[in-house]
Amino acid sequence: MIALRRVGPDEFGAALDRAIEIYTAAMRPPADQLAGRKGIMRTHATYPDFTCVFAERPDGVLVGFAYGFHGLPGQWWHDVIHRSISERGGEGAARGWLGNALEIAEVHVHPDYQGKGTGRAMMHKLCEGRPERTAVLSTHDQPTAARHLYHSLGFVDLLTQFVFPGGYERYAIVGAPLPLVRREQDQGRTPPV
Ligand SMILES: CC(C)(COP(=O)(O)OP(=O)(O)OC[C@H]1O[C@@H](n2cnc3c(N)ncnc32)[C@H](O)[C@@H]1OP(=O)(O)O)[C@@H](O)C(=O)NCCC(=O)NCCS
């Protein structure tokens with residue numbers, strides 16, 4: 001049985017090494033991207049209204065995590081995506097999606113624990129009770145479990161085949177109105193199996 005628990009920036013910071021282990025196992029990132037990831041996560045934890053969900057085994061071992069924060073001008077991801085949506089869809093579209101948004105930065109489940117509903121349950125818990133109008137995030141633009149999961153939660157494509165400045169991989173930028181939709185078969189299904 002995996003249980004979900006909401007934690008704040010201090011507890012997230014204290015568990016950062018294990019979070020990086022899960023990130024590495026789940027994402028298998030190129031070495032050049034792993035180096036700076038810990039610093040980026042540390043910085044994210046200082047952003048306004050940071051919220052994090054831990055997925056833990058009964059013995060307390062962390063097996064998944066998801067976090068987000070209130071997006072604001074001056075944050076790198078926010079500014080890049082705001083500019084790009086604005087260029088392609090107009091300033092109104094950018095403001096509509098990003099003007100009052102929960103920006104979800106990381107969602108990962110250790111491969112040994114994937115496919116049991118944990119990722120979906122973490123997304124619901126992360127977004128539960130948030131005051132923002134939308135949730136937005138980026139994910140690899142490939143037919144992945146993440147792409148499937150976000151689509152089934154009501155996320156739609158805002159940008160596809162998007163390459164971040166200085167990067168080379170292709171991402172989809174997706175957004176959903178809050179609260180997230182809950183499928184009928186998932187009603188009352190938290191915490192996950
Ligand atoms: C994305 C991720 C967090 C989902 O967590 P999870 O606990 O495995 O997800 P769930 O068990 O809640 O299932 C999510 C859905 O994906 C589906 N799925 C699983 N593998 C899939 C695949 N290869 N292709 C398409 N869909 C897939 C599941 O069937 C489920 O959908 P369903 O409920 O309609 O059947 C997890 O797979 C992961 O950590 N992946 C690697 C890291 C990653 O991509 N993170 C997201 C970065 S934006």
The lone condition GLU103 fails out of (1) more than 16 Å from the ligand (Cβ to nearest atom); (2) closer than 22 Å to GLN161 by Cα is (1)
- Verdict on ASP186 being surrounded by fewer than 21 Cβ atoms within 10 Å (Cβ to Cβ), within 14 Å of the ligand (Cβ to nearest atom) and modelled with pLDDT under 95: yes
Of ARG130, ARG88, the only residue that is farther than 24 Å from LEU4 by Cβ and either more than 15 Å from the chain's Cα centre (by Cα) or of a type in the set (Lys, Arg) (or both) is ARG88
Going through segment 165-182 in order, the residues found to be loosely packed, with under 12 Cβ neighbours inside 10 Å and in contact (Cβ under 8 Å) with a residue 12 or more places away in the chain are PRO165
Every listed condition ((1) without any contact (Cβ under 8 Å) to a residue 60 or more places away in the chain; (2) within 15 Å of the ligand (Cβ to nearest atom); (3) buried (at least 17 other Cβ atoms within 10 Å of the Cβ); (4) farther than 20 Å from ALA26 by Cβ) holds for PHE162 save (1)
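The values are calculated or read from the model by the stated rules, or taken from the named source; none is laboratory data. It should be emphasised that the depicted structure is a prediction, and the values quoted were computed from it without experimental measurement. Glycine also receives a Cβ, built like all others from the backbone with ideal geometry; neighbour counts cover every protein chain displayed.
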